[in-house]
Amino acid sequence: MMELAGRRYKADITPGALKLPESRIIADLLLREVDAKGWKDAIESTNVLQVRSPATAKRLTKLIRGRLETMGPDLWKLVRDGKGDVATHAVFAAAVKHSQLLGDFLQIVVSEQYRLFSVSLNNKHWADYLEGCRERDREMPLWSEATRTRLRSSVFQMLAQAGYIENTRSLKLQTVHIAEQVLHYLKLNNESYVLRCMQVSP
């Protein structure tokens with residue numbers, strides 16, 4: 001998970017979108033305070049994530065655990081036990097805090113499209129955003145076109161899962177009402193950046 005210190009934008013969200021079922025499992029392991037051996041047994045031996053290979057399991061665990069550990073146990077409970085939008089928005093909140101690439105896209109691009117009453121997002125919005133990212137982060141890597149495409153796919157999938165867009169084909173913008181329990185957690189824990197990013201919808 002660690003890249004160059006101080007780097008703002010990272011390509012560490014390419015392994016997948018919100019992965020809610022897997023996030024519930026990881027949240028449960030965190031809440032049960034499983035030790036290192038327990039993690040290894042659960043992820044590699046038991047294959048609780050039900051993936052094809054140990055390497056995939058470890059990569060997915062690194063992503064999801066990294067996301068969830070940016071937040072506290074009260075949010076993990078919402079992920080593990082929450083119904084519908086509660087769990088989805090809880091995972092999304094952790095994803096936003098974990099990835100400024102995702103958060104800033106919401107705050108800079110998606111919010112502007114809502115303000116302009118745009119019908120939908122498009123691929124050019126993402127391409128233009130990445131160009132602007134280099135101005136904000138001079139240490140941002142020169143990603144290949146394949147990586148840029150995978151990042152766009154992951155971000156658009158997350159936006160669709162969280163309800164900001166209708167689906168990844170139409171990219172049609174929708175009004176989002178963030179689950180109250182998630183908003184309560186974010187306000188209680190002074191997660192102002194995450195709140196700003198998530199509350200871009202009118």
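Read the figures in this text as sums done on the coordinates, not as results from a lab. No experiment lies behind these values; they were computed from the predicted model shown. Note that each Cβ is placed from the backbone with ideal geometry, even for glycine, and that neighbours are counted across all protein chains shown.
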Problem set entry | Span from the region 27-100 Cα centroid across to the region 116-172 one, whole angstrom | 24
Exercise. Relative contact order for region 21-71: what is it in percent, counting Cα pairs under 8 Å that are at least 6 residues apart?
Worked result: 39
Problem set entry | Overall Cα dimensions of region 63-118, principal axis frame, Å, largest first | 37, 22, 15
For this session: Work out the FRET efficiency for Tyr114 and Gln50 from their Cβ-Cβ distance, taking R0 = 25 Å, and round it to the nearest 0.05.
Result: 0.10
Seminar exercise, completed: Largest-first semi-axes in Å of the equivalent ellipsoid built from the Cα gyration tensor of region 61-156 are 26, 18, 12
For this session: Give, in nm to one decimal, the length gained when the segment between Thr70 and His184 is fully stretched (0.36 nm per residue of separation minus the Cα-Cα distance).
Result: 39.4 nm
Seminar exercise, completed: Computed D for region 1-120, Stokes-Einstein, Kirkwood radius over alpha-carbon pairs, 25 °C, 0.890 mPa s, to the nearest µm² per second, is 159
Problem set entry | Amide H partners (placed H, <5 Å) of Ser120, local residues excluded | Leu173
Exercise. Within straight cross-link reach of Lys58, meaning Cα distance under 17 Å, which aspartates and glutamates are found once same-chain residues fewer than 8 apart are removed?
Worked result: Asp12, Glu22, Asp28, Asp35, Asp41, Glu44, Glu69
Problem set entry | Reference-scaled alpha-carbon Rg (2.2 N^0.38 Å with N residues) for the chain | 1.01
Exercise. Taking 0.36 nm per intervening residue step and subtracting the Cα-Cα distance, what contour gain separates Asn167 from Asn122 on full extension?
Worked result: 15.0 nm
Exercise. Cross-link partners among lysines for Lys62, C-alpha distance below 28 Å, same-chain residues fewer than 8 apart left out?
Worked result: Lys10, Lys19, Lys37, Lys40, Lys77, Lys83, Lys97, Lys187
For this session: Place the peptides 111-118, 62-69 in order of packing, highest mean first, counting for every residue the other Cβ atoms within 10 Å and averaging per peptide.
Result: 62-69, 111-118
For this session: Run through all the Cα pairs of region 115-191 and give the fraction in each 10 Å bin from 0, expressed as whole percent.
Result: 16, 36, 34, 14, 0
Exercise. Within a Cβ distance under 11 Å of Ala42, other residues only, what is the Lys/Arg minus Asp/Glu net charge?
Worked result: -1
